[in-house]
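> Let me give you the structure first, and then I'll get to my questions.
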Amino acid sequence: ETTETKAEETTETKTEEEKKEGEGEEGRVKAKSVAISCNTHSEEHEPENKVESNALELFTGEHLKDLDLKTFLMNPAPKGKLIQCHIIRDKGGLFSNTKYTLHLSHHPVFLMAGKKQSGNTTSNFAVCMNDKDISKKGPGYIGKVRGNFSGTEYHIYDDGANPKKKGAKEGKKLREELGGVKFEMGAAGSTVAPRKMTAVIPEVKPDGGILHFQPKTEKESMLVSHAAGHKEGIITCVSKNPSWNEKAKAFVLNFNGRVKKASVKNFQLAPETDMDKVVLQFGRVDDNNFIMDFQYPLSPFQAFALCLSSFDSKFE
């Protein structure tokens with residue numbers, strides 16, 4: 001038996017947690033999409049996803065203590081390794097924003113945490129290598145994820161200075177753009193297909209480092225360049241489309257048993273040049289526990305940032 005994804009209307013399958021997340025978000029897109037739920041049916045026509053391929057060796061994290069954590073988080077995953085993680089969601093209290101903490105699945109090691117920052121007109125997540133003071137001024141701050149007003153596009157940056165703000169004028173290192181993601185309705189606005197994701201990240205250089213992108217304005221961002229057809233130096237990944245399973249009467253994707261519960265936010269991303277190679281999959285295990293499995297060319301930070309955008313996007 002394997003895990004599939006079943007498409008149902010969002011209004012019927014959304015959990016109470018997801019409904020609560022969407023309250024009070026004026027100006028957000030409120031279009032319907034479909035949730036992805038799990039059933040066990042024969043997947044004789046479903047190909048194996050390469051994210052779970054035997055060609056990939058599981059990264060256990062046993063030697064992580066010997067590595068510099070920030071270097072590990074900000075650079076592409078080792079080639080040939082599958083990194084399996086869990087994201088724990090902590091909704092906090094009435095006056096506290098939701099916190100997301102990332103841990104390795106097979107070795108109980110905390111990696112990083114993200115939290116939406118208060119006082120911004122758009123969603124703005126700080127990501128830190130600590131789970132106590134998650135802010136731009138907190139210890140171990142490594143980057144942020146910033147959304148647009150409607151929650152349909154997100155930009156991913158490292159911890160450098162915004163070129164428009166004081167830090168840049170004081171000579172601090174300018175921030176680098178490490179990715180972006182755009183959410184759209186599936187099937188040209190149809191309510192019977194999941195939302196679509198298009199993610200862009202910098203190409204990896206021959207020495208293993210990430211190609212530098214330092215846009216001074218949003219008009220120079222990777223998402224804008226990509227939309228204009230300027231894709232040099234950019235890797236494009238798109239969400240996999242589910243296929244219709246007549247026996248299950250549902251759209252299905254093969255999560256290889258890792259995803260257990262319905263969520264409109266579940267997804268799989270693959271390079272547009274090789275749709276059989278899933279480089280990131282994200283999905284619900286229970287109400288506040290989610291899996292995040294990824295591989296090269298994504299870095300742990302990029303993978304986590306893309307998942308934070310899925311938590312936040314209201315393009316549903």
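The values are calculated or read from the model by the stated rules, or taken from the named source; none is laboratory data. For clarity, every value in this text was computed on a predicted model and none was experimentally measured. Virtual Cβ from ideal backbone geometry, glycine too; neighbours counted across all protein chains shown. Note: areas computed on protein heavy atoms with side chains; ligands, DNA, RNA excluded. Shrake-Rupley method; radii C 1.70, N 1.55, O 1.52, S 1.80 Å.
> For region 159-181, which positions are open to solvent by 20 Å² or more (accessible area, probe 1.4 Å), modelled with pLDDT of 80 or more and acidic (Asp, Glu)?
Within region 159-181, Asp159, Glu176 qualify.
> Can you work out which of the residues in region 75-102 that are without any contact (Cβ under 8 Å) to a residue 40 or more places away in the chain and part of a loop (DSSP other than H, G, I, E, B) is most open to solvent (accessible area, probe 1.4 Å)? Give the steps one after another, and end with the answer.
Residues of region 75-102 without any contact (Cβ under 8 Å) to a residue 40 or more places away in the chain: 92-97, 99, 101.
After this cut, where a residue has to be part of a loop (DSSP other than H, G, I, E, B) as well, the list is 92-97.
Numbers: Gly92: 51, Gly93: 46, Leu94: 155, Phe95: 197, Ser96: 47, Asn97: 54 Å².
By that ranking, first place goes to Phe95.
> Considering each of Lys260, Lys277, Lys247, Lys240 in turn, give the residue that is among the basic types (Lys, Arg) and in contact with a helix residue (DSSP H, G or I) (Cβ under 9 Å, 6 or more places away or on another chain). So that I can check it myself, show each step before the final result.
Values: Lys260 fails: in contact with a helix residue (DSSP H, G or I) (Cβ under 9 Å, 6 or more places away or on another chain); Lys247 fails: in contact with a helix residue (DSSP H, G or I) (Cβ under 9 Å, 6 or more places away or on another chain); Lys240 fails: in contact with a helix residue (DSSP H, G or I) (Cβ under 9 Å, 6 or more places away or on another chain).
Matching residue, one of Lys260, Lys277, Lys247, Lys240: Lys277.
> Next question, about the same structure. Which pairs turn up if I take residues in region 122-151 that are free of Cβ contacts under 8 Å to residues at least 12 places away in the same chain and in a loop (DSSP other than H, G, I, E, B) and look for partners that are of a type in the set (A, V, I, L, M, F, W, C) and open to solvent by 40 Å² or more (accessible area, probe 1.4 Å) with beta carbon separation below 8 Å, at least 6 apart in sequence or on another chain?
Once the first residue is free of Cβ contacts under 8 Å to residues at least 12 places away in the same chain and in a loop (DSSP other than H, G, I, E, B) and sits in region 122-151, its partners that are of a type in the set (A, V, I, L, M, F, W, C) and open to solvent by 40 Å² or more (accessible area, probe 1.4 Å) give Pro139/Met129.
> Would you confirm whether or not region 292-309 contains a residue that is assigned to a helix (DSSP H, G or I) and among the hydroxyl-bearing types (Ser, Thr, Tyr)? Outline the logic, then answer.
Kept after step one, since they are assigned to a helix (DSSP H, G or I), are these residues of region 292-309: 300-309.
Checking which are among the hydroxyl-bearing types (Ser, Thr, Tyr) leaves us with 309.
Yes.
> When you go through Ser263, Ser239, Ser243 one by one, which is the residue that is open to solvent by less than 10 Å² (accessible area, probe 1.4 Å), touching a residue at least 12 places away in the same chain (Cβ under 8 Å) and among the hydroxyl-bearing types (Ser, Thr, Tyr)? Write out each step before concluding.
On the way: Ser239 fails: open to solvent by less than 10 Å² (accessible area, probe 1.4 Å); Ser243 fails: open to solvent by less than 10 Å² (accessible area, probe 1.4 Å).
Among Ser263, Ser239, Ser243, only Ser263 is open to solvent by less than 10 Å² (accessible area, probe 1.4 Å), touching a residue at least 12 places away in the same chain (Cβ under 8 Å) and among the hydroxyl-bearing types (Ser, Thr, Tyr).
> Return the pair list, or none, for Cβ contacts closer than 6 Å from residues in region 160-179 that are among the basic types (Lys, Arg) to residues that are modelled with pLDDT of 90 or more and assigned to a loop (DSSP other than H, G, I, E, B), at least 6 apart or on different chains.
Lys173/Gly160; Arg175/Gly160
> In addition: Check Ala199, Ala228, Ala248 and return the single one that is at pLDDT 90 or above and more than 22 Å from Cys85 (Cβ to Cβ).
Details: Ala199 fails: more than 22 Å from Cys85 (Cβ to Cβ); Ala248 fails: at pLDDT 90 or above.
Checking each option against the conditions leaves just Ala228.
> Tally up the residues in region 212-263 that are in a loop (DSSP other than H, G, I, E, B) and out of contact with any Pro (no Cβ under 7 Å at 6 or more places or on another chain), please.
Here is the first cut: in region 212-263, the ones in a loop (DSSP other than H, G, I, E, B) are 212-217, 221, 228-233, 240-242, 246-249, 253-260, 262.
Filter once more, so that each one left must be out of contact with any Pro (no Cβ under 7 Å at 6 or more places or on another chain): 212, 214-215, 217, 228-232, 240-241, 246-249, 254-260, 262.
Number of matching residues: 23.
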